[in-house]
Structures are given as structure tokens and as C-alpha cells.
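Take a look at the structure below.
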Amino acid sequence: MQQNKLLELAKEYAVKYLNDLPGKRAFPGEEALKNLQDLSIPLPRSSKDPGEVLKVLNTIGSDNTVASNGARYFGFVFGGTLPAALAANWLAAAWDQNAVFKISSPISAQLEKVAGSWLLNLLQLPAKSAVGFVTGTTMANFCGVLAARHAIYQRKGWNAKLQGINGAPPIRIIVGEEIHASMLRALMFAGFGSDSLIRVPTDKQGRIIAQKMPPMDDATLVCLQAGNVNTGAIDPVKDICTTARAREQGPWVHVDGAFGLWARVSQAKAALAEGCDLADSWAIDLHKWLNVPYDSGLIICRDPTLLQEALSVSAAYLPDSVEPDPYFYTPEMSRRARGIETWAALYSLGQKGVIELVERCCDYARLFATNLGKAGFQILNDVTLNQVLVSFGDAALTNRIIKKIQEDGTCWCGGTVWQGKTAVRISVSSWMTTADDIEKCSAVIIQIANQEISSKKLNTTA
């Protein structure tokens with residue numbers, strides 16, 4: 001099949017999928033899942049027509065996607081894909097650019113530069129910070145830790161790039177009890193074991209208790225969190241950074257801001273993330289609240305030189321550059337030009353659109369909590385951002401309700417255990433979600449929960 005016809009066929013399948021998305025199950029049904037076995041065949045010996053390949057992919061694949069790109073997926077902090085970002089993604093795929101150097105892709109380098117400056121402005125972070133486009137917050141956290149490690153070693157006269165880390169000066173790592181797995185992985189990748197971490201107690205919402213912070217010095221890395229994955233709560237960054245900055249050479253402060261850092265774009269929510277601009281490095285996802293395609297995240301570092309030195313390599317064939325090349329601030333060399341979709345999303349939304357998207361999701365999370373609370377169920381967190389925790393009683397009952405919600409298919413919510421209590425975790429992050437979606441999903445969840453509670457009472461009585 002000719003390439004043009006093949007792309008038209010792909011467009012036909014994609015458009016149909018998106019048109020069907022509002023009525024699609026949030027998770028594949030049993031029959032669709034069984035059809036996945038049809039893909040478990042030996043690799044064909046001969047070539048296949050590309051049109052046939054695409055047909056098989058659409059027939060089996062489209063029924064077996066999770067509708068996380070839709071309006072009723074609340075299981076994890078997954079955003080959808082804005083129309084402009086999706087279209088830019090298609091065009092970027094056709095361009096097939098390698099974003100490693102400006103000379104390998106002038107357009108992707110320029111779009112990353114522009115989008116990066118827009119994001120610094122939106123998030124109210126230091127304007128001269130380095131911005132690196134990475135796969136997501138895990139890799140962004142990793143880069144932040146590497147920059148911190150490099151800076152601390154440098155203070156102590158140690159060059160890890162030449163000497164490695166065996167025998168290096170010790171670094172104290174301070175984290176909260178509610179540290180996210182992404183941050184833990186980043187620290188592990190950088191050579192810091194979980195047993196060596198100094199864990200600070202947190203409050204009922206999962207925020208570090210600033211008064212419980214241990215002493216900090218210039219050999220300390222403090223990892224804070226903007227957006228607890230369960231409650232949405234943000235650590236008291238301002239208080240901690242103010243204390244840290246009281247010393248001439250204080251600790252390195254890194255903020256894992258996967259989704260909570262977006263609170264800074266909203267005047268109504270900015271106070272929750274006050275003081276985040278005082279940190280040294282930040283990690284944030286773009287495929288969450290900005291709703292760009294996977295994968296996309298940012299590492300932001302106050303001192304560009306330190307991030308570049310932590311990640312840099314040299315080789316005779318690498319181009320000389322007066323301005324920083326994109327690879328200066330990322331761990332990858334060859335990589336896709338993910339900044340293209342980010343630029344498109346920001347350009348299409350504008351400043352007001354980004355603010356409205358964040359505030360709308362927060363409002364809908366509050367509506368969800370209000371509906372479920374009025375129905376008599378316990379909301380476990382202060383709903384300040386886009387996260388809702390709801391308990392339906394004991395663990396066994398709550399888990400049965402979670403299973404029934406997932407089987408129903410109207411929406412998809414996951415479970416968690418928060419401070420010893422099993423709960424449904426609801427994350428509102430998609431641009432597609434409407435108030436009607438929240439009302440519809442609330443009604444379904446309430447109906448399922450009441451049925452399971454009634455069934456439990458009957459079984460207990462019997």
C-alpha cells in the first residue's frame with residue numbers, strides 16, 4: 001500500500017477511535033481482552049502488507065486500550081491529549097526528528113527553548129533556569145538528584161565523573177515519610193539506598209512537618225513533594241527553604257512536582273505551592289495536567305551549568321555550540337522531539353487556558369467529593385487539588401466496590417491504602433472531563449456502593 005493511502009487509513013482509524021471514545025468502556029471488557037491472544041503468533045516469515053498490519057492493530061488494539069485519554073478515567077494522575085498536541089504529535093512523527101542537537105533539528109530545539117521559557121513563566125520559576133525535556137517525572141527527578149550530587153561533591157572537592165562515587169564524601173538525603181516511588185527510584189538510580197534516607201514525619205495530609213526537619217548543611221539533599229499522589233497535598237516548601245537558606249551554603253532542595261507544581265499557575269491555588277521558586281531543581285510531568293501525549297516531563301535546574309556538568313559528555317564528533325544544545329540538560333542523546341507537542345499545547349491554550357484547565361480539574365474533584373460525601377461516604381483528604389480519597393467502610397467492602405466500579409466500565413478508579421485505611425483514589429486530570437461526567441460517575445459509584453453495602457448487610461443478617 002502506498003504511504004499516502006496508509007496514512008489516510010491510519011487517520012480513518014484514529015478519528016473513529018476518538019469519535020467513539022465518549023461511549024467507550026473505561027477499561028477493556030473480557031471479550032476484548034481474550035482477543036489479545038490472537039496477537040501471540042510466531043513472527044511471519046514473509047513481509048506483510050502495511051495496510052493489513054494496521055488493520056490487525058486497529059481491530060484488536062483499539063478495543064484493548066484503556067480510555068485514559070477520555071473524560072471518565074480517574075484511576076491515576078493521567079491526562080488526556082489536547083487536540084493541538086495530538087495533531088502536533090502526528091506531524092512530529094512524520095518529521096521524525098532527533099532532538100539531540102540544534103544541528104540535528106533546528107525546529108525542535110527552538111520549540112523546546114520557547115516552550116521552556118513559557119513554562120518557567122507560567123510556573124513562576126527563575127527565568128534563567130535550565131529546562132530539559134525528558135520522559136517524565138522519574139527521569140526528571142533522577143536528573144535533579146544528579147545535579148544535586150554533582151554540586152555537593154564539587155563543594156567537597158570531589159569529581160564523580162572522574163573519580164566515580166566509591167569513596168566519595170557522604171551526602172545526607174532528607175525525604176518525607178510520604179515520598180513517592182518516582183523519587184525513590186531516582187535516588188536509587190543515583191546510588192542512594194533507601195535505608196540511608198532520613199525520613200521526616202508527615203501530617204494527616206502527607207505533608208512534611210517542617211518543625212521535624214533535622215539539621216541541614218552543604219552536604220545535604222532535601223527532596224520535597226508538590227502534590228502527594230493520594231491527597232494532592234504540598235509540602236511546606238517555603239518554610240523549609242527559608243530555613244535552609246539561612247546558611248551561606250545550605251542544602252540542595254529538589255521539588256518532585258509531578259502534578260502539584262501546576263498549582264502555581266492558578267491565583268486561587270498558588271498559595272498551596274508558595275516558596276517552590278526557592279528550590280534548586282524541580283521535576284514536573286507534562287503528560288499529566290498539561291495533557292500532552294506520552295511521554296513528556298521536565299527537569300528544571302536553577303543553575304544551568306550544574307545540570308550540564310552533571311550530565312555532559314565530550315567526544316570529537318559532537319558539534320561545538322555557543323548556546324546550550326538540547327542534550328546538555330537530558331540524560332538521553334538520541335530522543336524524540338517531545339517539545340513539539342508541549343509547544344502546541346501551550347500555544348493553543350494560552351496562559352488563561354492553562355489556568356482554566358488546572359482550576360476546572362480542581363473544581364471537578366471538589367464536586368466528586370461533595371457528591372460522595374453527601375451520599376454518606378467518608379472523604380479522607382482535604383480536597384485542595386485534583387485528588388479525592390473516599391472510603392466505603394472496611395477494606396474488604398471497599399475493595400469489592402472498587403472491583404465493581406472497574407467491571408461496570410462507566411469510569412475507572414483505583415484503590416489505595418491511606419494511613420491504614422483502604423480507599424478509592426480519584427484523580428481528575430483530563431481536559432475532556434465535564435461536570436456532567438462527574439455527576440454521571442458519582443451516581444454510578446454511589447449506586448454500586450449502596451448495592452454492595454446492602455448485600456453485605458443481608459449476608460450478615462442471614
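Rule-based calculations on the coordinates, nothing more; no lab input. Predicted, not measured: the structure shown is a model, and the values here were computed from it. Here the Cβ positions follow ideal geometry from the backbone for every residue, glycine too, while neighbour counts run over all protein chains shown.
Lysines within cross-link reach of residue 55: Cα-Cα under 21 Å, excluding same-chain residues under 8 positions apart?
Partners found: 5, 11, 16, 24, 34.
Among 293, 253, 263, whose Cα sits farthest toward the positive end of the charge dipole of segment 208-305 (+1 at Cβ of Lys/Arg, -1 at Cβ of Asp/Glu, about the Cα centre)?
263
So what are the ³J(HN,Hα) numbers for segment 61-77, from phi and the Karplus equation (6.51, -1.76, 1.60; θ = phi - 60°), rounded to whole Hz, Gly and Pro as x?
Those phi angles translate into x, 5, 7, 10, 8, 8, 7, 6, 8, x, 8, 10, 9, 10, x, 10, 7 Hz.
Between the alpha-carbon centers of segment 103-133 and segment 393-462, tell me the distance in whole angstrom.
If we compute the Cα centre of each part, the gap is 41 Å.
Give the shape of segment 330-410 as rounded, prolate or oblate, defined through the alpha-carbon gyration tensor: a ≥ b ≥ c are the square roots of its eigenvalues, a/c under 1.5 means rounded, and otherwise the shape is prolate if a/b is larger than b/c and oblate if not. Show your work: numbers first, answer last.
Working: a/c = 3.03, a/b = 1.83, b/c = 1.66.
The shape class here is prolate.
Pull up the cross-link candidates among the aspartates and glutamates for residue 374, meaning alpha carbon to alpha carbon under 20 Å and not fewer than 8 places away within one chain.
Counting by Cα, and skipping residues close in sequence, residue 374 has these aspartates and glutamates nearby: 363, 382, 394, 436, 437, 439, 452.
What GluC sites (Glu not before Pro) in segment 157-264 are in a loop by DSSP, with at most 14 other Cβ atoms within 10 Å of the Cβ? The partial results should precede the final answer.
Details: sites: 177, 178, 248; in loops: 177, 178, 248.
When the GluC sites (Glu not before Pro) of segment 157-264 are filtered for loop state and at most 14 Cβ neighbours within 10 Å, 177, 248 remain.
Hey, can you grab everything whose amide H is under 5 Å from the amide H of residue 176? Only 5+ residues off in sequence or another chain; H modelled, so Pro and N-termini drop out.
The list, which skips near neighbours in sequence, is 200.
When only Cα pairs under 8 Å and 6 or more residues apart are kept, what is the percent relative contact order across segment 87-345? Let's see the in-between values first.
Numbers: 500 pairs, mean separation 80.5, N = 259.
With pairs under 8 Å counted, the relative contact order is 31 percent.
Taking the mean number of other Cβ atoms within 10 Å as a proxy for protection, how do you rank 31-42, 96-107 from highest to lowest? Before the final figure, lay out the partial values.
Values: 31-42: 10.2, 96-107: 17.2.
Packing order, densest peptide first, comes out as 96-107, 31-42.
For segment 1-93, what is the relative contact order in percent, using Cα pairs closer than 8 Å and at least 6 residues apart in sequence? Don't skip to the answer; put the middle values down first.
Details: 46 pairs, mean separation 33.9, N = 93.
Over segment 1-93, the number comes to 36 percent.
Mind listing the long-range amide H neighbours of residue 380? Cut-off is under 5 Å, sequence gap 5 or more, other chains count too, H placed in the peptide plane at 1.01 Å from N.
389, 390, 391
So how do 269, 55, 238, 128 line up by other beta-carbon neighbours within 10 Å, fewest first? Mind dumping the intermediate values first?
Working: 269 19, 55 13, 238 16, 128 10.
Placing the least packed residue first, the sequence is 128, 55, 238, 269.
Taking the Cα atoms of segment 87-345, report the difference between the largest and smallest coordinate on each principal axis, in whole Å and largest first.
52, 47, 29
Mind checking which lysines have their Cα closer than 17 Å to the Cα of residue 113? Skip sequence neighbours fewer than 8 apart in that chain.
Cα-Cα hits under 17 Å: 102, 128.
Apply the a/c threshold of 1.5 to the C-alpha gyration tensor of segment 298-343 and tell me whether it is rounded, prolate or oblate. Numbers along the way, then the final one.
Details: a/c = 1.84, a/b = 1.21, b/c = 1.52.
It is oblate, given that a/c is not under 1.5 and a/b is not larger than b/c.
Debye sum, Cα scatterers, the chain, no solvent: what log₁₀ I/I(0) at q = 0.07, 0.12 1/Å?
-0.40, -1.11
In whole Hz, with x marking every Gly and Pro, tabulate ³J(HN,Hα) for segment 344-354 from phi via Karplus 6.51 cos²θ - 1.76 cosθ + 1.60, θ = phi - 60°.
4, 4, 5, 5, 6, 7, x, 4, 5, x, 5
Going by a 4.7 Å Cβ-Cβ cut-off, which cysteines of the chain have no partner at all?
Taking the Cβ cut-off of 4.7 Å, the unpaired cysteines of the chain are 143, 223, 241, 276, 301, 361, 362, 413.
Need the C-alpha centroid separation for segment 40-78 versus segment 329-390, integer Å.
Measuring centre to centre over Cα atoms gives 26 Å.
Got the relative contact order for the chain handy, in percent, Cα pairs under 8 Å and 6 or more residues apart? Kindly include the intermediate steps, with their values, before the conclusion.
Values: 839 pairs, mean separation 102.3, N = 462.
Relative CO of the chain lands at 22 percent.
Size of segment 202-312 along its principal axes in angstrom, Cα-based, largest extent first?
41, 41, 23
Given that compact globular proteins tend to follow 2.2 N^0.38 Å, what is the ratio of the alpha-carbon Rg of segment 3-65 to that value? The partial results should precede the final answer.
Details: Rg = 13.3 Å, N = 63, 2.2 N^0.38 = 10.6 Å.
Computed over Cα atoms of segment 3-65, the ratio equals 1.25.
State whether segment 297-456 is rounded, prolate or oblate according to the following rule on the C-alpha gyration tensor (a ≥ b ≥ c being the square roots of its eigenvalues): a/c under 1.5 gives rounded; otherwise a/b larger than b/c gives prolate, and the remaining case gives oblate. Mind dumping the intermediate values first?
Working: a/c = 3.17, a/b = 2.36, b/c = 1.34.
Verdict is prolate for segment 297-456.
Taking θ as phi - 60°, what are the ³J(HN,Hα) couplings along segment 157-173 by the Karplus curve (6.51, -1.76, 1.60), each to the nearest whole Hz, with x for Gly and Pro?
x, 10, 10, 5, 5, 9, 9, x, 10, 5, x, 5, x, x, 10, 8, 10
Hey, can you grab everything whose amide H is under 5 Å from the amide H of residue 325? Only 5+ residues off in sequence or another chain; H modelled, so Pro and N-termini drop out.
For residue 325, no residues qualify.
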